[in-house]
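The structure under discussion appears below in the form of structure tokens.
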Amino acid sequence: MRLLHISDLHAGKRLYERINRNEDLIYALEQVYDICKGEKVEVLLIAGDVFDKRNPDFESQSLILDFLTRVNSLGTHILLIAGNHDSYDFMKIYSNLRKLSNIHVFDRPKKNIEEAIFDYKDLRIACLPYPDERVLTELKEDRERSYAEKVSQYMKALAKKVEEVPYGILLAHLAVDKAKLAGSELPSSVMPSYAVRADTIPEVFKYVALGHIHRYQRIENAVPKVYYSGSLYQIDFSEKDTEKYANLLVLEEGIVKVNPVKLTLKRRLTEVELKEGDNIEKNLEPFTKENFLLKVKLRVNMGDPFFNIKKERIERLLGEKLAKLDIEPVGVNSVVASQQEGFNLLDLYVDFYNKEYGEKPPQDLKELLQDIIDRVSHETSQA
Ligand SMILES: [Mn+2]
């Protein structure tokens, strides 16, 4: 039997409020659909953060519903839990889908453990939607235990339910300690009392499908196979240059084999730094051909008279591919300094031209510029 584990779809995500990422999500979901079809996946596990916001816009709702119903039409069962970005009450609306399909939505952690269990053939999946601290407290008032301890306790109760079955699986949305965050090799900076200790994940689970952390990884210091499948596309620049996966699980002879399937990206997020004197066209040209979203860091001397021209050239060259232009000023007082040292505009231009084109400007261009400078200084001195 084959299962597929994905998470962190973040439908409705916008970068800098301006760039709608739904086309990146649709591109990824198309691949997920193809895997479900091609590999004859029987159960699709979606480990939370389906939507980016608590009140998703209509376009995002429509694309999610379209995806869920299409996968359902393949005969694949879908298990979906709420993440911290999702609203419990909103996901509760989706839980009605099970009445007319094989789409099973678990909107919040349940007091009655039975309601968190899904059975299918020799498979039993225990579902733990994002355990919000408030909900956790409602389940059991316990001032002695920390948040992480309460979550561990809840996992233990779920584990008891899967003891008797060949394949017990946990589907959860939470932060586990020692997990690596996207875009960083450093371990999770989540407060210790909020990160669930990996060594408290019950070993009775044959596989633990996690959502929350956007970087694909196996949690090494846990006994069972514990995986974050990661987000389906690079959600923001903290995930730049990272690869994305769906985790294909093959259940055979009592064990779960894990086969990550690499996803291709609609748009790759990357960062470019342009230093003073770098050739803008030459440095940005590789990114103009393929599908990128770029953050450009422009280090600029604040006295640079060509600052606006440089900015416009970058904007013109990249068009919609430019997600953000960060200006990093260097040497704020350099204009004053350069004047004191006897630099003039013509020298600055010659210097700039030389750096940009690798040669001195032609004589007639220099004469033209000198003429303009002379006329301007003449006009202004009369004012
Ligand atoms: Mn997320």
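Structural remarks
- Alpha carbon convex hull of region 221-289, volume per residue in cubic angstrom: 120 Å³
- The Asn55 and Glu144 beta-carbon pair, evaluated with R₀ = 51 Å, returns a calculated FRET efficiency of approximately 0.90.
- Dimensions (Å) - the chain, Cα atoms, principal axes, largest first: 92, 48, 37
- Relative to the current alpha-carbon distance between Lys324 and Thr69, full extension at 0.36 nm per residue lengthens the span by 88.2 nm.
- Interchain or long-range residues, amide H under 5 Å from Val196's placed H: Ala175, Val176, Asp177
- Placing a label point 7 Å from the Cα of Lys156 along the Cα-to-Cβ direction, the residues of region 203-223 whose backbone N falls under 16 Å from that point are 203-205.
- Surface composition of the chain: carbon plus sulfur atoms contribute 49% of the solvent-accessible area (1.4 Å probe, protein chains only, all chains present).
- The calculated FRET efficiency for Asp132 paired with Lys282, based on their beta-carbon distance and R0 = 45 Å, is about 0.35.
- Per-residue SASA entry for Glu359, accessible area with 1.4 Å probe, Å² rounded to 10: 100 Å²
- Potential extension, Lys180-Asn344 segment - 0.36 nm per residue separation minus Cα distance: 53.8 nm
- Within the same chain, lysines fewer than 8 places from Lys140 are excluded, and of the rest, those with a Cα less than 26 Å from its Cα are Lys92, Lys110, Lys111, Lys150, Lys156, Lys160, Lys161.
- Over the residues of the chain, the helix contribution to mean residue ellipticity at 222 nm works out to -10000 deg cm²/dmol, using -39500 (n - 2.57) for each DSSP H run of at least 4.
- Lysines whose Cα lies under 17 Å from that of Lys310, excluding same-chain neighbours fewer than 8 positions away: Lys275, Lys282, Lys295, Lys297, Lys321, Lys324, Lys355
- As a rough guide to protection, the peptides 249-257, 29-37 ranked by mean Cβ packing within 10 Å, highest first, stand as 29-37, 249-257.
- A 1.4 Å probe run over the protein chains yields, for the chain, 51 Å² of accessible area per residue, whole-number rounding.
The values are calculated or read from the model by the stated rules, or taken from the named source; none is laboratory data. A quick note: this is a predicted structure, and the numbers were derived from the prediction, not measured. Glycine gets a Cβ as well: all are built from the backbone with ideal geometry, and neighbour counts include every protein chain shown. The accessibility values were calculated without ligands, DNA or RNA, using every heavy atom of the protein model including side chains. Shrake-Rupley method; radii C 1.70, N 1.55, O 1.52, S 1.80 Å.
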